[in-house]
1. Taking the Cα centre of the chain as the origin and placing charges on Cβ (Lys, Arg +1; Asp, Glu -1), which of 282, 226, 321 is farthest toward the positive end of the dipole?
2. Whose amide H sits under 5 Å from the amide H of residue 245, counting only residues 5 or more places off or on another chain, with H placed in the peptide plane?
3. Taking the Cα centre of region 97-167 as origin, work out the dipole magnitude from +1 charges on Lys and Arg Cβ and -1 charges on Asp and Glu Cβ, in debye rounded to 20.
4. Can you tell which of 67, 240, 325 shows the greatest fluctuation in a Gaussian network model of the chain with Cα springs below 10 Å?
5. What order do you get for 328-339, 195-206, 146-157 when each peptide is scored by the mean count of other beta carbon atoms within 10 Å, highest first?
6. Among (i) 100, 40, 32; (ii) 63, 49, 35; (iii) 91, 42, 35, which one is Cα extents along the principal axes in Å computed from these coordinates?
7. Determine the relative contact order of the chain: mean sequence separation of Cα pairs under 8 Å and six or more apart, normalised by residue count, in whole percent.
8. Which residues' amide hydrogens lie under 5 Å from the amide hydrogen of residue 176, considering only partners 5 or more residues apart or on another chain, with H built in the peptide plane?
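Quick note: the coordinates plus some simple rules give every number you see, no bench work behind them. Just so it is clear, the model here is predicted, and its values are computed rather than measured. Note that we place each Cβ from the backbone using ideal geometry, even for glycine, and neighbour counts take in every protein chain shown.
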Amino acid sequence: MQKKLQLLALLISLVSLLMLSACSVVDGITGNKDDKETVTLHPVLLNGKWGYINNSGNMVINPEYDEAREFSGGYAAVRIGTTWGYVSKEAKKLTIPASFSVAGDFSGDLAPAQMPGGEYGFINSSGDFVIDPQYDFAGSFSEGLAAVRDDGLWGYVATTGDLSIELKFSDARAFSEELAAVETFDGWVYINKTGTEVIDPDFQVSDAGEFSDGLAPVLTNEGWGYINNAGNPVITPKFEEAGVFAEGRAWVRENDYVGFIDKTGKNVIPFQFGEVKSFSENMSAVRISSRWFFISRESGKIVINDPFNAAESFTNGIARVQLGENENIRFGYINRSGKYIWYPTR
């Protein structure tokens, strides 16, 4: 049965490719992840090359890349050989040539990038460096600022290229909800966009995450817990690991198993999984033993019970799944009912 499904997928894909060569098959692809667009493009592997499909499973960008990432800010990084470029969601083709050794996500019309043998800077949608390469490392922009590192110290640049927060931290996270976690000689604290320390807990914080839903995970000597944006502990630190909140739930690990808590710290989905993905569109991918399934946010019970070798979160109604491993690895996409909109291919 599986072989028949794979053959059907290949036939459908070939038809799509023929149509694509004759005309533009998809109109109205607008927006990006930041705009919460209703139509998205997703990377698929076909005959050893990566292309992109839309939410209906139709091929939109020909499979001709050696690697392909998700879209962000209207562009997706793709690899040709050893170098990276970008395909445009609007143009549905490669618009920034593959000339970079590192290509980050676009945000605020800028993306961190590195030329082979060079330093990190930021490019615009034409592929031109508008913030000169001058850093050891650079992250994507978030809320108007991007973390950058030079000579081992971190600070933040603005979209103008100006250094808004001086290079003085041992490590730095992205800004979220107007705050960013940074590592000082005394541990982790949170700063605002002027660089002022606004959360400096009276207990040692050895690691810290981003804020989401008004809470951020922090690591203390007692384990992981959560603080609010006033710096007050609201969920007792006791977990082995902890993720950020999404849709009112955060995954936490206790005694080698993962479950979910609500914003009061109550365990609402039991500790029973080996690994999970954060909730998205009221569903979470979870690993039980060596197989992945999907559970409901409301009930915590499995709602898609076909086993996968790996699974990603839902994005606008579909989720990427993996069957097989190593030489037999195949990728497909399912809808919220668990039905394939793109049968696994390789």
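1. 321
2. 212
3. With only Lys, Arg, Asp and Glu charged at Cβ, the dipole is about 180 debye.
4. 325
5. 146-157, 328-339, 195-206
6. (ii)
7. This gives 8 percent for the chain.
8. 211
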